[in-house]
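Q: Sharing a structure, written as C-alpha cells. Questions coming.
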Amino acid sequence: MSKRLFILLALAVTVALPFVLRPRQPALAPADDTVVIITPHNEAIRTEFGHGFQAWYRSRTGRTVAVDWRVVGGTSDITRFIESEYIAAFRNFWTGKLHREWSAEVQAGFTEPKLPAEAAAPVKEARAAFLASTVSCGLDLFFGGGSYDFVRQAQAGRIVPSRVRQTHPEWFNDAVIPQYFTGEQYWDDEGCWFGNVVSSYGILYNVDALRRLGLAPPHEWQDLADPRYAGELALSDPTKSSSMAKAFENIIQQQMQQRLATLRRERSDTPAALNEAQAVREGWDAGMQLIQILAANARYFTDSSQKPPIDVAQGDCAAGICIDFYGRAQADAVSRRGPARIEFVTARGGTVNSVDPIAVLRGAPHREVAELFLEYTLTLEAQKLWNFRPGTPGGPGRFALRRMPVRRDFYTHTEWQPLCSDPGADPFSDPSPLIYQPSWTSGLFLELAFAVRVMCLDAHPELAAAWRAINSAPEPAKSRALAELQDVSAVDYERVNGVIKKTLGSKNKVDEVTLASALGAEFRARYARAEALAAGK
C-alpha cells in the first residue's frame with residue numbers, strides 16, 4: 001500500500017511541478033482604455049508596438065491604454081478563427097434579434113461578396129443585414145499577415161473602412177505610401193486595410209553547411225534545385241504558411257515573366273496577347289517544375305514558417321526559403337553569439353515587395369482606440385520601430401525587428417540611415433524588382449497551395465526517392481526518368497483554373513478531399529515510374 005501511495009504521490013508531483021515552477025504570466029495592467037488585437041506577429045513586434053503605442057496614446061490623449069494581444073497561430077489559423085467567431089455572432093444576431101431562421105444557405109451566403117442573382121431571398125437579406133450591422137467577434141484589429149487574407153476579409157465584410165485616409169490624406173500618395181508598387185497593392189480602395197511594413201522573400205543559408213556540400217552561396221531560386229541540396233532544404237507547408245505560398249507564387253511569376261521576355265524577342269510579330277497567354281501557361285509549368293525539384297530537395301515541409309530559419313542556424317538544414325525579416329532576424333541573433341555563420345539573400349529578380357496590412361474588424365468593441373492604433377502604425381514614429389536598432393533615439397527598446405517600413409519618405413531621411421539595422425536597404429530603389437502581374441496568379445492563391453500540396457507534400461517520400469534515383473542514374477535513363485517526374489499536366493494552368501478552382505470553391509468539402517486523394521495517388525504513381533525508369537526498368 002505504501003509503495004502504491006508513493007507512486008501516486010510521485011505522479012502528482014510530476015504533473016503539478018511544471019505548473020508550480022512556470023513563470024508568472026503578466027496580467028494586463030489597469031488602464032483607462034483597451035484595444036484587442038489578433039496577430040500572427042511574433043513577441044518582438046508585439047512588445048515594441050505595444051510599448052510604443054502606449055506612450056504615443058498617452059501623449060495624444062492623456063490616457064493610459066492596455067494592448068490585449070490575441071495569438072492563435074499563423075495567418076491561416078487567424079482567418080479560420082475570425083470566420084468562425086463571426087458565424088457564431090451573426091447567427092445570434094439573425095436568430096435572436098431579427099428572429100429569422102438560420103440555415104446552411106444563410107451561413108454560406110452572409111459573407112459571400114458575389115451572390116448569384118438566383119440566390120434565395122433570405123440569403124440576400126442576411127448579406128445585407130450583416131453589412132449594415134455592428135456584429136462583433138470581440139476583437140478590434142487584425143494586424144499582420146499577407147494582403148491576400150485582408151482582401152478576402154474585406155470582400156466578406158468582416159473588416160470595415162477606417163477613417164485614417166480622411167484624417168491623414170497627405171500619407172496616401174506615391175511619395176509616402178503608394179497604392180500600388182511593382183504591381184502589388186499597398187492599401188485598399190475603400191480604406192478597409194493598409195499595409196504598414198514591406199516584406200520580400202529569399203534564401204537563408206548556413207555558410208558551414210554549404211562549404212561541407214561544396215556549394216556556392218545561392219542567389220536565385222534556381223540555385224536551390226542543385227541535387228546536392230537533397231535532404232538539406234527547409235520548406236514550409238504553403239497551405240499553412242501564407243508567406244511560403246507567396247514565395248512559391250513569386251517563383252511562378254518569375255518563370256512566366258522570363259518566358260514572356262523570350263517570346264517577345266523570338267516572336268516580335270506575334271500579337272502581344274497571344275505571347276502573354278502562352279508565357280503564362282508555359283511559365284506556370286516551369287514554375288511548378290522548379291517548385292517540385294525544390295520539394296524533392298526538401299528535408300521536410302513544416303507547419304511553422306519560423307522553423308526553417310532556426311534549423312538553418314543550427315546546421316540541421318543547409319538552406320531554407322523564408323520571408324526576409326525571419327531570415328535577417330535569425331542571422332542577427334546568430335551573429336551576436338560569434339562569427340556570422342548564416343546569411344540571408346533576397347532571391348535575385350524573383351521576389352516582389354508585398355505588404356503586411358492592418359485593419360479594423362466589424363463591430364470592434366473599442367473602435368476609437370482601434371482607429372488610433374491603426375493611425376499610429378503609419379506614423380513615422382512607429383515606422384522607425386521596424387528597422388531602427390534597439391536603443392537608438394526613436395528606435396525599439398529591446399528587439400531589432402529587421403523589417404522594411406512601408407512609408408517611402410522614411411528612406412529619404414538620410415540622417416536616419418546610421419540608426420538602422422539595415423542601412424542603405426530600400427525596397428523602393430531595387431533596380432530589377434519582380435513586377436507582379438495580379439491577373440496571372442492572384443486569383444489562384446489557394447489553388448496554387450493545393451496543387452503544391454498534392455504534388456509535393458502528399459507524395460514527398462516517393463518524390464524524394466525518385467529524385468535520388470534520377471541523380472545517380474546514367475544517361476539516357478536519367479533524362480527519361482526526369483521527363484516522367486516533371487510531367488505536371490495534372491496541375492497545369494488550365495486544370496488549376498478549371499476543375500481545381502471549381503472543387504475548392506465547392507460547398508461540399510468532400511469534393512476537395514476526393515480530388516486531393518486522386519491527385520496524390522496520381523503523383524505517387526508517376527514518381528514510382530520515374531524511379532523505375534532511372535533504374536533502367
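The values are calculated or read from the model by the stated rules, or taken from the named source; none is laboratory data. Please read all numbers here as calculations on a predicted model, not as lab measurements. Heads up, the Cβs are rebuilt from the backbone with ideal geometry, glycines too, and the neighbour counts pull from every protein chain shown. Protein only, heavy atoms only, side chains kept; ligands, DNA and RNA dropped before computing areas. Shrake-Rupley method; radii C 1.70, N 1.55, O 1.52, S 1.80 Å.
Q: I'd like the FRET efficiency for Asp409 and Val499, computed as 1/(1 + (r/R0)^6) with the beta carbon distance as r and R0 of 60 Å, rounded to 0.05.
A: After rounding, the FRET efficiency stands at 0.80.
Q: How would you rank 389-399, 179-189, highest first, on the average number of other Cβ atoms within 10 Å across their residues?
A: Order by mean packing, descending: 179-189, 389-399.
Q: With a 1.4 Å probe and all protein chains left in place, how much of the accessible area of segment 134-201 comes from carbon and sulfur atoms, in whole percent?
A: Carbon plus sulfur share of accessible area: 50 percent.
Q: Return one number: the angle in degrees, 0 to 90 and rounded to the nearest 10, between the long axis of the Cα atoms of helix 147-156 and the longest principal axis of the Cα atoms of the chain.
A: 60 degrees
Q: With no solvent and one point on each alpha carbon, what is the Debye value of log10 I(q)/I(0) for segment 447-516 at q = 0.15, 0.16, 0.26 Å⁻¹?
A: -0.59, -0.64, -1.12
Q: Taking Cα atoms of segment 368-475, Rg/Rh with Kirkwood Rh, to two decimals?
A: With Rh from the inverse mean 1/r over Cα pairs, Rg/Rh is 1.21.
Q: Another question, then. Return one number: the angle in degrees, 0 to 90 and rounded to the nearest 10, between the long axis of the Cα atoms of helix 43-61 and the longest principal axis of the Cα atoms of the chain.
A: Rounded to the nearest ten degrees, it is 30.
Q: Right, something else. Wrap a convex hull around the Cα atoms of segment 152-203, take a quarter of its surface area, and give that in square nanometres. Mind dumping the intermediate values first?
A: Working: hull surface 18.6 nm².
Average of the hull's projected areas for segment 152-203 equals 4.6 nm².
Q: Based solely on C-alpha atoms, express the radius of gyration and the Dmax of segment 394-537 in angstrom.
A: That works out to 22.9, 67 Å for Rg and Dmax.
Q: Oh, and also: If each DSSP helix of 4+ residues adds -39,500 (n - 2.57) and the sum is divided by the residues in the chain, what number results at 222 nm, nearest 500 deg cm²/dmol?
A: Numbers: 20 runs with 248 residues, N = 537.
Rounded to the nearest 500, the figure is -14500 deg cm²/dmol.
Q: Follow-up. Ordering Lys478, Lys240 by accessible area with a probe of 1.4 Å, largest first, what comes out?
A: So, going from the largest accessible area down, we get Lys240, Lys478.
Q: Report the calculated FRET efficiency for Val510 and Leu131 (r = Cβ-Cβ distance, R0 = 30 Å), to the nearest 0.05.
A: Details: r = 31 Å, r/R0 = 1.02.
That gives a FRET efficiency of 0.45.
Q: Follow-up question, since we're still on this one. Calculate how large, on average over all directions, the projected area of the Cα convex hull of segment 479-537 is; give the answer in nm² to one decimal.
A: Details: hull surface 16.2 nm².
In nm², the orientation-averaged hull projection of segment 479-537 is 4.1.
Q: Okay, next question. Just subtract the alpha-carbon distance of Glu266 and Thr34 from 0.36 nm times their residue separation and send over the number in nm, one decimal.
A: The span from Glu266 to Thr34 would gain 77.4 nm if fully extended.
Q: Okay, next question. Tell me, what is the percent relative contact order of the chain, built from C-alpha pairs under 8 Å that lie six or more residues apart?
A: Once divided by the residue count of the chain, the mean separation gives 18 percent.
Q: Dimensions of segment 213-307 along principal axes (Cα, Å, largest first)?
A: Dimensions of segment 213-307 along the principal axes of its Cα atoms: 48, 32, 18 Å.
Q: So, one more: Nearest 10 degrees, 0 to 90: what angle lies between the long axis of helix 324-335 and the longest principal axis of the chain (Cα atoms)?
A: 90 degrees
Q: Could you give the size of the charge dipole of the chain about its Cα centre, using +1 on the Cβ of each K and R and -1 on the Cβ of each D and E, expressed in debye and rounded to the nearest 20?
A: The dipole magnitude comes to about 1420 debye.
Q: Stokes-Einstein diffusion coefficient for the chain at 10 °C in a medium of 1.306 mPa s, Rh from the Kirkwood formula over Cα pairs: what value in µm²/s?
A: Details: Rh = 25.5 Å.
For these conditions, the coefficient is 62 µm²/s.
Q: Let me ask another. DSSP loop (so not H, G, I, E, B), at most 13 other Cβ within 10 Å: list which trypsin sites (Lys or Arg not before Pro) in segment 31-91 pass both filters.
A: Those that pass, being in a loop and sparsely packed, are Arg63.
Q: Could you tell me which of rounded, prolate or oblate describes segment 325-371, using a ≥ b ≥ c as the square roots of the eigenvalues of the alpha-carbon gyration tensor, with rounded for a/c under 1.5 and, failing that, prolate when a/b is larger than b/c and oblate otherwise?
A: Working: a/c = 6.75, a/b = 2.04, b/c = 3.31.
Verdict is oblate for segment 325-371.
Q: Continuing with this model, one more query. Might you tell me the accessible area per residue for the chain, computed with a 1.4 Å probe and given in Å²?
A: 45 Å²
Q: Right, something else. Please report the antiparallel percentage of the DSSP beta bridges confined to the chain, to the nearest 5.
A: Values: 26 of 40 bridges.
Once the DSSP bridges in the chain are tallied, antiparallel ones form about 65 percent.
Q: Also, quick follow-up: Computing the accessible area with a 1.4 Å probe over protein heavy atoms, can you report the carbon and sulfur percentage for segment 334-420?
A: Using a 1.4 Å probe with all protein chains present, segment 334-420 comes out at 50 percent carbon and sulfur.
Q: Need one number: nm distance between label points at Asp430 and Ala120, each 7 Å from Cα along Cα→Cβ, rounded to one decimal.
A: 4.8 nm
Q: Give, in nm to one decimal, the length gained when the segment between His168 and Glu475 is fully stretched (0.36 nm per residue of separation minus the Cα-Cα distance). Mind dumping the intermediate values first?
A: Values: separation 307, 0.36 × 307 = 110.52 nm, distance 6.50 nm.
Length gained, His168 through Glu475: 104.0 nm.
Q: Quote the Stokes-Einstein diffusion coefficient, in whole µm² s⁻¹, for segment 426-468, based on the Kirkwood radius over alpha carbon pairs, a temperature of 10 °C and a viscosity of 1.306 mPa s.
A: The calculation lands on 120 µm²/s.
Q: Considering the convex hull of the alpha carbon atoms of segment 92-233, report its projected area averaged over all viewing directions, in nm², one decimal. Can you show the working numbers first?
A: On the way: hull surface 58.4 nm².
Dividing the Cα hull surface by four gives the mean projection, 14.6 nm².
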